[in-house]
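Engineer: One structure, as C-alpha cells, below. Some questions next.
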Amino acid sequence: MSDAKLEKIYILTYSDKLQQQLDKSHKFTVPVNAETYTRSLKVDYDIRREPGSQKTEARFISTIPEELKLDFVLDGTNTIEGYGYPGMEVQAQVKLLLDTVYYMDGETHRPRFLKVFWGKQIAFPCVMSNLDLNYVLFNADGSPLRVKVSATFLNYRAKEANEREQSKSSPDLTHYRVFKQGDRLDLFSFKIYQDPKYMLQVARQNNLTSFRRVPVGKEIYFPPFDKSEVS
C-alpha cells in the first residue's frame with residue numbers, strides 16, 4: 001500500500017495579470033479531489049471554401065487557449081472521511097468558491113487571476129470561464145446538503161508572460177519558471193545553465209531567503225549570466 005501524501009487540488013488568486021503578487025486573502029481547496037479532469041486543446045482554422053469549389057484548404061489562424069475542466073462535490077452531510085471543510089455549511093463553501101473564482105476584485109474591477117494546482121501534475125495559470133452548480137441533496141427546510149460543481153478554467157497568459165515564455169528556446173536569454181510542489185532550484189539551474197552552481201545567484205536575483213524553500217506558485221526569474229564571470 002502506498003504511503004504517499006494525498007495532494008489536494010487548490011486554487012490560488014493573484015492581484016496582477018502576470019500572476020506574481022499572491023492574494024493571500026482568497027484561496028479555495030477542493031474538499032474532495034476530482035476523480036477525473038479534462039483538458040481541452042483546440043486549433044482555429046479558416047475553412048471557408050472558395051466560390052465554385054467543393055474542397056477547402058484549412059488555413060491556420062491560431063491556437064485557442066487551453067481549457068481545464070474540474071468536476072467535484074461540495075458536501076454538508078459530514079459523512080465523507082477526510083473532507084476538506086468539515087462542519088461548514090454548503091452555502092458557505094459555495095460562497096468561498098465564488099469569492100475566489102467568480103466575484104470581482106475591488107481593485108482590478110474584474111474576476112481574479114488564478115492558478116490551479118494539483119501535486120506535480122497541474123500548475124495552470126487561468127481565469128474561470130464557466131461554473132455550473134447543481135444542487136442535488138437538501139435538508140427538510142430546503143437548505144442544500146450537496147452541490148455538484150463543474151468548473152471550467154481558461155488558460156491565461158499576459159502578453160508580457162508570453163514574450164518571456166518565448167525566450168525559453170534560447171539558453172542565452174531570460175527564463176521564467178513557475179514553481180510546483182516538489183520542484184528544486186538546483187535542478188532548474190542545471191537544466192537551464194547546464195551547471196547547478198548558478199543556483200545561489202538565481203536565489204539572490206529573486207530575493208529568496210532560502211533556495212530550499214521556494215514558495216509553490218512563485219515565478220522564478222533565471223537571468224542570462226556571463227559564465228566567464230561566475231565562479
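Every read-out reported here was derived from the displayed coordinates using simple, explicitly stated rules and does not represent laboratory data. On a predicted model such as this, the values are computed, not experimentally measured, just so you know. Every residue, glycine among them, receives a Cβ derived from its backbone with ideal geometry; neighbour counts consider all protein chains shown.
Engineer: Given R₀ = 22 Å, what would the calculated FRET efficiency be for Tyr103 paired with Tyr135, taking r from the Cβ atoms and rounding to 0.05?
Structural biologist: Working: r = 19 Å, r/R0 = 0.88.
My answer for the efficiency is 0.70.
Engineer: Would you mind telling me which residue in Gln19, Gln205, Gln91 has the biggest mean-square fluctuation in a Gaussian network model of the chain, where springs connect alpha carbons within a distance under 10 angstrom?
Structural biologist: Largest GNM mean-square fluctuation: Gln205.
Engineer: Also, I was wondering about something else. Sum up the charges of everything whose Cβ sits under 9 Å from the Cβ of Lys148, counting Lys and Arg as +1 and Asp and Glu as -1, but leave Lys148 out.
Structural biologist: -1
Engineer: Another one. Using a cut-off of 26 Å between alpha-carbon atoms, which lysines can reach Lys8, once sequence neighbours fewer than 8 places away in the same chain are excluded?
Structural biologist: Lys17, Lys24, Lys27, Lys69, Lys95, Lys115, Lys120, Lys148, Lys180, Lys218
Engineer: OK, next. Roughly how many Å is it from the Cα centre of the stretch 16-49 to that of the stretch 72-151, as a whole number?
Structural biologist: First find each Cα centre; the distance between them is then 15 Å.
Engineer: Next up: Which value at 222 nm does the chain reach when only helices count, each DSSP H run of 4 or more adding -39,500 (n - 2.57), with the total divided by all residues and rounded to the nearest 500 deg cm²/dmol?
Structural biologist: -4500 deg cm²/dmol
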